[in-house]
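A short worksheet on the structure shown next.
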Amino acid sequence: NTDAPDYTITLSGDSISAEGVQVEGTTVTITEMGDYHVSGTLSDGQIVVDAKGEDIRIILEGADISCSTSAPIYVKKALLVNIWLAEGTENTVTDAVSGGSQKAAIYCKVHLELKGKGTLNVYGKLAHGIKSAEYMQMRKCTVNILEAVKDGISCDQYFLMESGTLNISGTGD
């Protein structure tokens with residue numbers, strides 16, 4: 001979205017520096033429309049989207065996010081969430097075996113789109129790799145579900161893969 005403001009979120013082990021978002025400890029909460037550029041490593045934290053009626057684009061630019069208590073990327077509310085994998089980058093999300101009640105390493109309660117020319121590696125150690133409570137669309141990117149106790153991808157409505165590469169291995173279902 002060319003009209004959306006740009007924000008930067010930099011992950012540094014056990015801390016986060018960010019603009020345009022709420023940061024509490026190692027949790028970033030996105031509440032407004034915008035393009036959120038995320039880079040770095042977060043050893044135990046998460047990105048939460050709680051933006052009623054807004055389109056959100058999370059641009060992963062070499063991000064590695066692990067969370068021991070929930071989904072590393074958890075979308076509670078939004079109109080649409082687009083996770084954009086920046087070209088030439090490798091990104092990883094990992095939840096924990098002993099986590100809370102998360103349904104996946106990426107858990108989205110709304111429409112989820114994965115796009116871009118980068119790579120996303122997913123480790124769903126408690127349940128699914130990626131879970132969408134609505135539909136999920138994938139275009140151009142490479143998604144590697146490397147571990148999932150249940151499904152690699154679970155969608156309540158439908159999954160549409162327009163292009164890209166999807167590799168699923170190490171799943172329970």
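The values are calculated or read from the model by the stated rules, or taken from the named source; none is laboratory data. Note that the structure is predicted; figures quoted are calculated from it, not measured. For neighbour counting, all protein chains shown are included, and Cβ atoms are generated from backbone atoms with ideal geometry for every residue, glycine included. The protein model used for the area step is the full one, side chains on, heavy atoms only, and it has no ligands, DNA or RNA in it. Shrake-Rupley method; radii C 1.70, N 1.55, O 1.52, S 1.80 Å.
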Region 76-119, residues that are more than 26 Å from K52 (Cβ to Cβ) and part of a strand (DSSP E or B): E90, N91, T92, T94, T119
Region 54-65 residues that are within 10 Å of L120 (Cα to Cα), paired with ones that are assigned to a strand (DSSP E or B) and charged (D, E, K, R) (beta carbon under 7 Å, 6 or more apart): G62/E90
Filter result for the condition that a residue is surrounded by fewer than 18 Cβ atoms within 10 Å (Cβ to Cβ) and not aromatic (F, W, Y), over V93, V143, V97, V110: V97
Unmet requirement for Y7, which otherwise passes all of (1) at pLDDT below 95; (2) open to solvent by 20 Å² or more (accessible area, probe 1.4 Å): (1)
Test: residue in region 154-162 that is crowded, with 17+ Cβ neighbours inside 10 Å, touching a residue at least 40 places away in the same chain (Cβ under 8 Å) and under 20 Å from I65 (Cβ atoms): yes
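Every residue, every condition in (1) open to solvent by 40 Å² or more (accessible area, probe 1.4 Å); (2) within 15 Å of T94 (Cβ to Cβ), yes or no:
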position	(1), (2)
E19	yes, no
T29	no, no
D35	no, no
T41	yes, yes
V49	no, no
K52	yes, no
I58	no, no
I65	no, yes
S70	no, yes
Odd one out for D35 among (1) farther than 23 Å from A104 by Cβ; (2) outside any strand (DSSP E or B): (2)
Single residue of K131, K150 found to be touching a residue at least 12 places away in the same chain (Cβ under 8 Å), open to solvent by less than 30 Å² (accessible area, probe 1.4 Å) and either part of a loop (DSSP other than H, G, I, E, B) or charged (D, E, K, R) (or both): K131
